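Only the coordinates and a few stated rules stand behind these numbers; no lab work does. As the structure is a prediction and not an experimental result, all values here were calculated from the model. Here the Cβ positions follow ideal geometry from the backbone for every residue, glycine too, while neighbour counts run over all protein chains shown.
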Amino acid sequence: MGGLIVKTFIKVVIACSVIALANQTAAKQSLDPAINMSLFNEHSAVMLVVEPQSGEIKFANKAAAEFYGYSIAQLQAMQIQQINIFTEQQVALERQAALSKGQNYFVFKHRLANGETRTVSVYSAPFTINNKDFLFSVIHDISSQRSLEKALWHYQENLEELMASQTNEIEEKRADQLMLALISISLLMILLATLMVLTTRLRIAKKSAQKDSAMLKAIFNSIDDLLIFTDTEHVVITANTMAIQKLAAGESLKGRNIYSFIECPKGVVEVDSECQFHGVKEVFWGDARVTAVTDETNSKVGEIHLIRDITMQLKARQQQRLASTVFSATNEGILVSNRDNKIQAINEAFTQITGYQEQDIIGKSPAILNSGRHKPSFFKLLYQRLSEEGHWEGEVWNRRKDGSIYPSWLNISVVFDEEKDIELYVALFNDISLRKENEQEMWLQTNFDSLTGLVNRSYYNNKLDQEMIRASADNKRLAICFIDLDRFKNVNDTLGHNSGDLLLLEAARRLKACMRNSDVVARFGGDEFALLLPGINALADIERLAKKALKALSSSFQIAEQDVFLSGSMGITIFPDDGIDRKILLRNADSAMYKAKEQGRNCFEFFTSGLHEQATARSKLENALHKALKNNEFTVYFQPIVSHDKKTVGCEALLRWHSDELGAVSPAQFIPVCEELGLIIPIGEWVLREACREAASWCRCYGDGFFVTVNMSSVQFIRQDIETLVKTVLQESQLLPQCLTLEITETLLADNSSNTLQQLQALRAIGVGLAIDDFGTGYSSLSYLKRFPLSKLKIDREFIKDLPDDLEDCAMVSAIISMASNLHLKVIAEGVETSAQRAFLTALNCDYIQGFLYSKPLPAALFDQYIKAFIAQQQT
């Protein structure tokens, strides 16, 4: 029984010893390998930071100084080999032994300053600062622990020998069992007390280890990189704070596969890789370093993933590549100089623009490019601006290597260092010679007439504004003159446009020769010229220059081996006498020029208040016309046209305008203005539609013999497709083509255009009649009657009003009617007001009569009543 008690007690003691040793091992293995320098100096543990290549001790804390007996400065001047008494072979063996046992620490012998040797355990972890590798080492003095372990094993061996001896003696001598049991119990009690002391010491060591573990865990979590421990299946066991924040937004990573966050084609196993990591809230690029963790049998038990966020580095690298590409490939020259303004770098475009190679320019001042066109004050102001604002751009003239000078657009930026001092100058520039040439060409095109080389209207207007300001300041007068060449169109049509251009060139040369250097001669377009005469106070001086200019224009021009004679009509207005606004002055000069034409041409006229009133009235008329069609101010009136036998009746559509602002306006006033402004296009189209719409209903009521005549302007034929317009209107109104006659003027026929002829022939082909209006008053030519497909001819009222008393008019009308009859043209006599006139025309077999004798022009409703009464009267 006593032997059983002894055996049981021995087993308990041995189990306690094993448990104590296991707790010690677990406490040591709980230390994490992740290290940081935070709280380094004041920590109670012995800590060293060692450079692995040289063994130099870079940092030591106070605990290390106290342990080794050296000052911190002395330790930081030493190498680890001066402390560690193990040879390189012994160190290698110790590392191999630790690796085979699965230890994360090493056991070395360290020599203290007093020569004493201590056994220590060293926990080391690598880290990098500024791209340099270091080892963070935590040293524990385990000398006493090793002594205790030896004593424990000694006691255990003695105990085993004792137990064997006692067992033999008990078997041999039963009588001595009780004594041996008592002796064994006593020894075991002593051993138990010893073990309890050892356990107490181990518990203290465990608490110290836990404290160190907490410190190392704080260091582990304070590392800026992502540190993750996984098992062999890459499932996360633990991770530091940075990893949890970036990958899981604060949630736990435990149990998740590390590769579920990684986008890397081949994975990252024991190699350095750049991968894209997809966290819960952010995506970033990381440099992943994976290290396998093995046990004492060298079997892999997990992995350590060290991930550094390199997103900003990659962006910086990309920007650097981009900047390098731009630097090399850009068409702009780039120059980089240091704070002393010595050139450090140039690109290929710089060489292409300046001709300087890199070996020609590096180390020299940008002043080598100085063209000499800029004063020193220019560059002084430039560098002052750079110092104050860090940027300057503008146009600079530089000199190439071959000595040629060229304009460039220069953009300089300053790069400042951390102290806000200038570190670099970066200059970008390009050759703008072509742009300057284009600008000059555009300026010439914008301001000068391409044919004569004289300034154009735009330049003239700007110059006029400047001269008015100067004249006001100097209290002087300024003369503005408009000149129009008389009969230039006839010369142009007769001799051709090339001859016309030569004539304009010579006219410009003559006008330029007549003027002073301070005067401006401009061509506004066509045959219109303008003069600007500054600094003239006496009207006599203006008249002298005007006469000189007109005399020069009236001399013969030698064009195409022919003598051509022209003249000019000039209008003159004076600033500030006639106005102080440019638009008013130009309008005044134009009014005076037309007055000169009315006075017989080849003369000049000064602007007067009467001309001003005419110009004002014209302006009001133009403004009102622009609104008339939209405001429905136009009306179409109809005047009867009756055959000489009174069996056929028709009408002429006549436009009437009653303005809301001006009241009733005569067609003689507003029709020419409409043609000048181009308003005759929409207005004429409107008149045609209205006339055809009304005439269609009358044709249905009174038969196909009814017809309507509509006046068409020559402007409409030039700017519109009349054939298409007429076809469209006839289709819309359902009016038969033979019921419509278009009245055209001799001006249109005088143009002698093939386009006009084609349009007239097309109109006649669809059955529309054509009448020549006011025959005999314009450019009357019998060839018109032969060449153009006319159907009617209208004799102007000027030949009718004195019939039958004026013999010349009688002969003229008789000849026109006879000629028209022979050409199979119907004749309409306009302006018939008396029975005697009708009787005379009837006797000559004039086909149709139109005038107040039958009726004045009537609105549509009254004309409808008139025609009904007229037909009823004829039937009775």
| query | Can you list the lysines whose alpha carbon sits under 17 Å from that of K595, skipping same-chain ones fewer than 8 residues off? | reply | K547
| request: Do me a favour and compute the ellipsoid semi-axes for region 330-437 from its Cα gyration tensor, root of five times each eigenvalue, largest one first, whole Å. | output: 22, 16, 13
| field | Charge dipole (region 317-464, unit charges on Cβ, about Cα centre) - positive-most of H391, H374, L451 | value | L451
| Quick one: which of K630/K792; K826/K856; K551/K583; K647/K792 span more than 24 angstrom between C-alpha atoms? | K630/K792; K551/K583
| remark: Averaged over all viewing directions, the convex hull of the alpha carbons in the chain casts a projected area in nm² of 74.5 nm²
| query | How big is D, in µm² s⁻¹, for region 763-876 by Stokes-Einstein at 37 °C and 0.692 mPa s if Rh is the Kirkwood radius over C-alpha pairs? | reply | 214 µm²/s
| field | For q = 0.17, 0.22 Å⁻¹, Debye-computed log10 I/I(0) when each Cα of region 224-315 counts as one equal scatterer | value | -0.66, -1.09
| query | Placing +1 at every Lys and Arg Cβ and -1 at every Asp and Glu Cβ, with all other atoms neutral, what dipole size does region 397-510 have around its Cα centre, in debye to the nearest 20? | reply | 740 debye
| message | From Cα pairs below 8 angstrom and at least 6 apart in sequence, can you work out the relative contact order of the chain, rounded to a whole percent? | response | 5 percent
| request: Could you give the spread of the C-alpha atoms of region 701-757 along their three principal axes, from largest to smallest, in whole angstroms? | output: 39, 20, 15
| field | Highest average packing first - 532-541, 688-697, Cβ atoms within 10 Å | value | 688-697, 532-541
| task | Excluding residues fewer than 8 places away in the same chain, name every one of the lysines whose C-alpha is closer than 27 Å to that of K246. | result | K132, K217, K254, K266, K281, K315
| said: Can you tell me the orientation of helix 722-733 relative to the chain, as the angle in degrees between its alpha-carbon axis and the longest Cα principal axis, to the nearest 10? | reply: 90 degrees
| task | With +1 on each Lys and Arg Cβ and -1 on each Asp and Glu Cβ, and nothing else charged, work out how big the dipole of the chain is about its Cα centre, in Debye to the nearest 20. | result | 1400 debye
| What's the angle, to the nearest 10 degrees (0 to 90), between helix 609-628's Cα axis and the longest principal axis of the chain? | 70 degrees
| Along the charge dipole of the chain, Cβ charges K/R +1 and D/E -1, which of L424, F775, Q79 sits furthest on the positive end? | Q79
| Cα long-axis angle, helix 582-598 against the chain (0 to 90 degrees, to the nearest 10) | 20 degrees
| field | Given charges at beta-carbon only (K, R positive; D, E negative), |dipole| of region 553-655 in Debye | value | 460 debye
| task | Quick one: grab the alpha carbon gyration tensor of region 514-652, order the square roots of its eigenvalues as a ≥ b ≥ c, and give me rounded if a/c is under 1.5, else prolate or oblate depending on whether a/b is larger than b/c. | result | oblate
| Which of L655, I572, I183 sits farthest toward the positive end of the charge dipole of the chain, with +1 on the Cβ of Lys and Arg and -1 on the Cβ of Asp and Glu? | I183
| Cα gyration tensor shape of region 419-550, rounded if a/c is under 1.5, else prolate or oblate by comparing a/b with b/c | oblate
